[in-house]
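Colleague: Before anything else, here's the structure in question.
The values are calculated or read from the model by the stated rules, or taken from the named source; none is laboratory data. Quick caveat, the model's predicted, so the values are computed rather than measured. Positions of Cβ are backbone-derived with ideal geometry, glycine not excepted, and every protein chain shown enters the neighbour counts.
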Amino acid sequence: MLLAMTVFGGMVNTLKSDHWLSRDRCIRIAVICGLVSLAILTYLLASSSGTLDWRGRPIGTDFSQVWTAGRMVLDGRAAEVWDWNAHRAVQEAFHGPRLTEWYGWHYPPPFLLIATALGSMPYLAALFVWQAATLLPFAWLMRRFTGRPEAWLFVLAAPVTLICLMHGHNGFLTALLLGGGLMLLEKRPFAAGLLLGCLVYKPQFALVLPLLLLVLWNWRAIAGAAVSSLALIGITLAIWGWPVWQAFLDSLPLTQSIVIEQGRTGWEKIMSPFSAVRSWGGSIAIAYAVHAIFTGASIGSTLWLARRARPDVRNAAVTAAVLVSTPYVLDYDFVVLLAGIAFLWRDGERHGWLPWEKSALALVWIAPLIARSIAAATLFPLGLLTAILVLVLAARRAVTASPSHRSHEQFVL
């Protein structure tokens, strides 16, 4: 018993001091994760047939809805994109009788601009272009922001990157717009606003942003966000007219009922307070009430930090708040927490590290590898807790006196 307590105490002290997270060890862990990701993607492609994997799912799964929406627009059927039956019929006709899963379209019309461009290409080529054109700029952004060449590796090898690639999703684009906008907020506010305004394509991820800009009294950023968001809305109206917006609005009650409230996607994949309560058997009303509490707490604490904390600490809180505040957020959306990790890492390097911080950030980085499986097996919302953890770490840095600055010999994501 004494030996076990001694060993446990040693492990706790190691995690608290973060000495185990040397730069070389972090790189080795990332390399291993990257090689595993590469092997999984290679197997996925090698075992596929045409546009379907060995289980009959579209390669890139969710990307099928994006490409299909683009094809429907090019065929003059833009307003039918939100018709689930019509959308499914196009996917079935393209992928063939082996198709086992299909995916509905729930996005506002501005995302159709990207979908249309992708729909003009062959399916697999469009999937590759889509992921490369969003992942690589985001990885470059993290490299430029941190000033460390290892940042490329820590983005490309992150477990959440593999998840996003396998789903062919827009997590990289969201992280690029949000992370880039937050990074430019002080020095180039109008450009920052332009990036943040483009999140109109995924508005549930922007709940905190208007309030944040108002609290900061950043009128140039507000102007930039207004220009880009209104421009995207205006372009869709000019091209397709009001019918696409009417179709989108008409689809919202069905999306809310089937996708959000009934969890058709799978509770283990949805990593929100609402989903956690529903997975535990809570009613829809209780789930909304609990989610409202988490939303208010996350946004409120972020706005408090906006006036009190250093910009990097504030920005880390924003990346967490956008995830906690929406009832529909999946594990591939947690790419934005890579930006949150970068913000906290830079603040730690500049102002010193607090106990447990590096170990906590390492957990946030690795957690997507197991979060879905743990939620499926135990109903434990690890993914949600990592977002809350980033928010807690940011608040802790704001209320704790900055520790003495340490050397840059250690590096951690």
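Colleague: State yes or no: is Ala46 over 23 Å from Phe154 (Cβ atoms) and hydrophobic (A, V, I, L, M, F, W, C)?
Modeller: Judged against the criteria, Ala46 is a match.
Colleague: Show the residue pairs that are 6+ apart or on different chains and have beta-carbon atoms under 6 Å apart, the first residue being within region 383-397 and of a type outside the set (Val, Ile, Thr), the second being not in a helix (DSSP H, G or I).
Modeller: From region 383-397, the pairs are Gly383/Met271; Leu384/Met271.
Colleague: Does region 65-78 hold any residues that are over 12 Å from Trp130 (Cβ atoms) and either aliphatic (A, V, I, L, M) or within 27 Å of the chain's Cα centre (by Cα) (or both), and which are they?
Modeller: Of everything in region 65-78, those that are over 12 Å from Trp130 (Cβ atoms) and either aliphatic (A, V, I, L, M) or within 27 Å of the chain's Cα centre (by Cα) (or both) turn out to be Gln65, Thr68, Ala69, Arg71, Met72, Val73, Leu74, Ala78.
Colleague: Do the conditions hold for Arg188, that is, is it over 18 Å from Ala317 (Cα atoms), out of contact with any strand residue (DSSP E or B) (no Cβ under 8 Å at 6 or more places or on another chain), touching a residue at least 12 places away in the same chain (Cβ under 8 Å) and surrounded by fewer than 18 Cβ atoms within 10 Å (Cβ to Cβ)?
Modeller: The answer is no for Arg188.
Colleague: Still on this structure, I have one more. Test of understanding: among Arg28, Arg55, Arg77, which residue is surrounded by fewer than 17 Cβ atoms within 10 Å (Cβ to Cβ), among the charged types (D, E, K, R) and closer than 25 Å to Ala117 by Cα?
Modeller: Criteria check complete, one pass: Arg77.
Colleague: So which of Arg372, Arg346 ends up being closer than 20 Å to Leu165 by Cβ and of a type in the set (Lys, Arg)?
Modeller: Arg372
Colleague: What is the one condition in (1) small (Gly, Ala, Ser); (2) touching a Gly at 6+ places or on another chain (Cβ under 9 Å); (3) on the phi < 0 side of the Ramachandran plot that Gly168 does not satisfy?
Modeller: (3) is the only condition that Gly168 fails.
Colleague: Consider only pairs whose beta carbons are under 8 Å apart and that are at least six residues apart or on different chains; among these, list those whose first residue lies in region 60-89 and is assigned to a loop (DSSP other than H, G, I, E, B) and whose second residue is surrounded by fewer than 17 Cβ atoms within 10 Å (Cβ to Cβ).
Modeller: Every condition considered, the pairs that remain are Thr61/Glu101; Arg77/Ala86; Trp82/Asp250.
Colleague: So which of Glu357, Glu409 is of a type outside the set (Val, Ile, Thr), at pLDDT below 95 and within 23 Å of Cys33 (Cα to Cα)?
Modeller: Glu409
Colleague: State all residues of region 142-170 that are more than 21 Å from Leu44 (Cβ to Cβ) and either without any contact (Cβ under 8 Å) to a residue 60 or more places away in the chain or not hydrophobic (A, V, I, L, M, F, W, C) (or both); if no residue qualifies, say none.
Modeller: Of the residues in region 142-170, the ones more than 21 Å from Leu44 (Cβ to Cβ) are 142-154.
Answer for region 142-170, where residues must be more than 21 Å from Leu44 (Cβ to Cβ) and either without any contact (Cβ under 8 Å) to a residue 60 or more places away in the chain or not hydrophobic (A, V, I, L, M, F, W, C) (or both): Arg143, Arg144, Thr146, Gly147, Arg148, Pro149, Glu150, Trp152.
Colleague: Still on this structure, I have one more. With Gly179, Gly96, Gly171, Gly119 as the choices, which residue is more than 29 Å from Ile27 (Cβ to Cβ) and surrounded by 18 or more Cβ atoms within 10 Å (Cβ to Cβ)? Show your work before the answer.
Modeller: Details: Gly179 fails: more than 29 Å from Ile27 (Cβ to Cβ); Gly96 fails: surrounded by 18 or more Cβ atoms within 10 Å (Cβ to Cβ); Gly171 fails: more than 29 Å from Ile27 (Cβ to Cβ).
After applying the criteria, what remains is Gly119.
Colleague: If you check every pair at least six apart or on different chains, which have Cβ atoms under 8 Å apart with a residue in region 209-224 that is within 17 Å of Leu177 (Cβ to Cβ) first and a residue that is assigned to a helix (DSSP H, G or I) and among the polar types (S, T, N, Q) second?
Modeller: Partner pairs satisfying both residue conditions: Leu212/Thr302.
Colleague: I would also like to ask the following. Regarding region 246-255, can at least one residue be identified that is among the acidic types (Asp, Glu), surrounded by fewer than 21 Cβ atoms within 10 Å (Cβ to Cβ), in contact with a helix residue (DSSP H, G or I) (Cβ under 8 Å, 6 or more places away or on another chain) and at pLDDT 95 or above? Step through it out loud before you land on a result.
Modeller: Taking region 246-255 first, the residues among the acidic types (Asp, Glu) are 250.
Next, only the ones that are surrounded by fewer than 21 Cβ atoms within 10 Å (Cβ to Cβ) stay: 250.
Filter once more, so that each one left must be in contact with a helix residue (DSSP H, G or I) (Cβ under 8 Å, 6 or more places away or on another chain): none.
Within region 246-255, none of the residues are among the acidic types (Asp, Glu), surrounded by fewer than 21 Cβ atoms within 10 Å (Cβ to Cβ), in contact with a helix residue (DSSP H, G or I) (Cβ under 8 Å, 6 or more places away or on another chain) and at pLDDT 95 or above.
Colleague: Tell me, yes or no, whether region 124-131 has at least one residue that is outside any helix (DSSP H, G or I), farther than 24 Å from Glu80 by Cα, among the hydrophobic types (A, V, I, L, M, F, W, C) and modelled with pLDDT of 95 or more.
Modeller: No, region 124-131 contains no residue that is outside any helix (DSSP H, G or I), farther than 24 Å from Glu80 by Cα, among the hydrophobic types (A, V, I, L, M, F, W, C) and modelled with pLDDT of 95 or more.
Colleague: Can you tell me which residues in region 225-245 are of a type in the set (Gly, Ala, Ser) and either surrounded by fewer than 18 Cβ atoms within 10 Å (Cβ to Cβ) or in contact (Cβ under 8 Å) with a residue 40 or more places away in the chain (or both)?
Modeller: Result: Ala226, Ala231, Gly234, Ala238, Gly241.
Colleague: Follow-up. In region 39-52, which residues are surrounded by 11 or more Cβ atoms within 10 Å (Cβ to Cβ) and in contact with an Asp or Glu (Cβ under 7 Å, 6 or more places away or on another chain)?
Modeller: Listed by number, the list holds a single entry, Leu44.
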